[in-house]
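Colleague: First the structure, then my questions, so here it is.
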Amino acid sequence: MDLDREVRHKSEDVDDHVLADVVVALQKRVKVSRDFDIPYIAGYSGDAKTVYIDRHLPRTMAWKGRKVRLTPFLVTHEIVEKALLDELRLHYLHAHQIALRAERDAVRGAGLTWKAYQAVMKAHEKAIDEESLKNVPGDLDLTPYKDLNDYALLDRLVKAAR
């Protein structure tokens, strides 16, 4: 992979164009699946090769007369979070905070407001978290659920993955 070709914009300062390049580069590094039931809206495989987005989450949101894809922002969050968990051995809550901020900045850099984006996520979050888990990937990384001591959900996930 030619990393230099991914860098279309250059700046060592905070720059939305550079961040947009990062978001595109991150998506090239994983497979994205929307075929499963994924509590907490999105997750990742244990080997970090796949990002899972719950099959019930809309693919786009309306913003100023256009449809904006949600996948790039979720992929950014999940890849950053997984890298921090695996490479630096952070607790899920710490990795999640950093990943959430990367996601937020990617959303803002794309010209959306965080409030509008979060409204879409929050509108689907409860239904996704409470859905009957019928189809769970067998390689879903369970670290977030373990670190949050969400044992009831862990039990449901393990049973549904069998």
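Colleague: Looking at segment 101-110, is at least one residue free of Cβ contacts under 8 Å to residues at least 24 places away in the same chain, in a loop (DSSP other than H, G, I, E, B) and under 24 Å from Leu85 (Cβ atoms)? Lay out the reasoning, then the answer.
Modeller: Here is the first cut: in segment 101-110, the ones free of Cβ contacts under 8 Å to residues at least 24 places away in the same chain are 101, 104.
Cutting the leftovers down to in a loop (DSSP other than H, G, I, E, B) gives us none.
No, segment 101-110 has no match at all.
Colleague: Looking at the structure I just gave you, is Asp16 within 22 Å of Gly109 (Cα to Cα), in contact (Cβ under 8 Å) with a residue 60 or more places away in the chain and among the acidic types (Asp, Glu)?
Modeller: Yes: the conditions hold for Asp16.
Colleague: Mind checking which strands (runs of 3 or more DSSP E) fall wholly inside segment 1-90 and carry at least 2 residues that are in contact with an Asp or Glu (Cβ under 9 Å, 6 or more places away or on another chain) and buried (at least 16 other Cβ atoms within 10 Å of the Cβ)?
Modeller: In segment 1-90, the matching strands (runs of 3 or more DSSP E) lie at 42-44, 50-53.
Colleague: Is it fair to say Ser11 is farther than 18 Å from Tyr145 by Cα and of a type outside the set (D, E, K, R)?
Modeller: The answer is yes for Ser11.
Colleague: Would you point out the residue of segment 139-161, among those that are touching a residue at least 24 places away in the same chain (Cβ under 8 Å) and either hydroxyl-bearing (Ser, Thr, Tyr) or under 17 Å from Asp35 (Cα atoms) (or both), that is surrounded by the fewest Cβ atoms within 10 Å (Cβ to Cβ)?
Modeller: Among those residues, the one meeting the criterion is Asp139.
Colleague: Please count how many residues of segment 19-55 are touching a Lys or Arg at 6+ places or on another chain (Cβ under 7 Å) and of a type outside the set (S, T, N, Q).
Modeller: Qualifying residue count for the region: 12.
Every number here is computed from the coordinates shown, using simple stated rules; none is lab data. All figures in this text were calculated on a predicted structure; none of them were measured in a lab. Here the Cβ is made from the backbone with ideal geometry for all residues, glycine too, and neighbour counts use every protein chain on show.
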